[in-house]
Every structure is written in C-alpha cells, then in structure tokens.
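Asks: One structure, as structure tokens, below. Some questions next.
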Amino acid sequence: MQRKHAYAYVPQATGEAFETYARRCGLTSKSELLKLLIRRELELNRLHVAGPGRQPPSPGRTKITAHLCDELESALSAHADGLGVTTSHAAALLVEQELSERWLEAALVWEPPQ
C-alpha cells in the first residue's frame, strides 16, 4: 500500500498550538491528529468553507503533514473538491477548527450518563 500525504499550511503559532494539543491528548505526533480529524470529517461532513478556497504556502506558515493510505487520500481529495477547496486548505481548516472546538480533548474525558 502506497502512502500519500495531505498537508495543512497554518501560521507558525497555530502549528505549535496544534502540536502541544496533540501531545496533551496522548498522541505522539500532530500528523496522527490531523489524520484522525480527516477521518472524522469524512464521516461527519461538518466542514463549511467561507472565503477563498486556495491558500498557497506563504512565509510564516508551517506545514503539518498527514500520511494517508490511497483510499483516504482519494476520499479527502473528492471531499475537498466538493467544497471547492484544495486538500491543503481543507486540512488547514480542520486544524483551526479542532483548536477552537477541542473535540478530541472533550471526547477523552467524556463519560456516558449512568
């Protein structure tokens, strides 16, 4: 199985906050967290895009790489196309959304009602 990549280009401070958050959630890399968020997005289709759909890499941005299998990369590509954005832009939005919502952090401490 060949590995593909998805890249999220985010401001340096966002990249650092995402890495800290991933480690606080018990993950060893921000790459694994991004892959988890991509899988979640493909299941739930929660991403809404506002504004320009293309954000090329620029100075002051850092790259977060998610290593994906062919199937997951194809699904992400189709999903991003449907939203009218690049996979990189979709991935960056997922990073920013998770830092705002903190879904994983909440899920880790959630207890079902008794």
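Asks: Could you work out how much longer the chain between K63 and V49 gets when fully extended? Use 0.36 nm per residue separation minus the Cα distance between them, nm to one decimal. Before the final figure, lay out each step's value.
Replies: Working: separation 14, 0.36 × 14 = 5.04 nm, distance 2.00 nm.
Contour length minus Cα-Cα distance gives 3.0 nm.
Asks: Report, in degrees rounded to the nearest 10, the 0 to 90 angle that the Cα long axis of helix 30-44 makes with the longest principal axis of the chain.
Replies: Roughly 90 degrees between the two axes.
Asks: Sticking with this structure for a sec: Cut-off 10 angstrom, C-alpha nodes, Gaussian network model of the chain. Which of T20, T86, T65 fluctuates the most?
Replies: T20
FYI, it's all coordinate maths here, none of it is from the lab. Just so it is clear, the model here is predicted, and its values are computed rather than measured.
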